[in-house]
Amino acid sequence: MGYNQSFVGDASAVGNILTLLDVEREKLALSTDSRPYIIHVFCMAQKDSIKQSTLKEIYMGRSAVLFSLVKNVDEIKFSFPVGKEYVFTRDELDHLYGVTFGLSVDDRGKWIKKVLAGIPIV
């Protein structure tokens, strides 16, 4: 929670969050000039043994954490060397998880267990 209320433009905070989420990346690009504000993560190749459906769930969960900590991010993209890309929007995940990301720290306690319970760990 030390990165709560971070901004897309804070490359250090975003990079540290990704490191804590164990996202192996080659490059990080932050689009901050105008909305939508985007975090674009260029990931390292994934293990062949991970199914694509599981991989999508993993990165969806990591996006949920990013949306909860980085208050102005609108979209998160994870791109892989094989051409695969996962894109998640704040509105999409709000609807999917049935929560509102970006709540205050006091409100976050009401739903964080639900979000974290849905994040597969590999």
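Taking segment 48-84 as the range and being of a type in the set (Lys, Arg) and either closer than 23 Å to Gln5 by Cβ or open to solvent by less than 70 Å² (accessible area, probe 1.4 Å) (or both) as the test, the residues that pass are Arg62, Lys71, Lys77. Condition check for Val99 on (1) crowded, with 17+ Cβ neighbours inside 10 Å; (2) part of a helix (DSSP H, G or I); (3) not polar (S, T, N, Q): one failure, at (2). Return the residue satisfying two criteria in turn: it lies in segment 10-28 and is over 12 Å from the mean Cα position of the chain (by Cα) and exposed (fewer than 13 other Cβ atoms within 10 Å of the Cβ), and of such residues it is farthest from Tyr59 (Cα to Cα). Out of the qualifying residues, it is Ser12.
The values are calculated or read from the model by the stated rules, or taken from the named source; none is laboratory data. All values reported here derive from a predicted model rather than from experimental measurement. Methodologically, a virtual Cβ is constructed for each residue, glycine included, from the backbone with ideal geometry; neighbour enumeration extends over all protein chains shown. Just the protein is used for accessible areas: all its heavy atoms, side chains included, with ligands, DNA and RNA removed. Shrake-Rupley method; radii C 1.70, N 1.55, O 1.52, S 1.80 Å.
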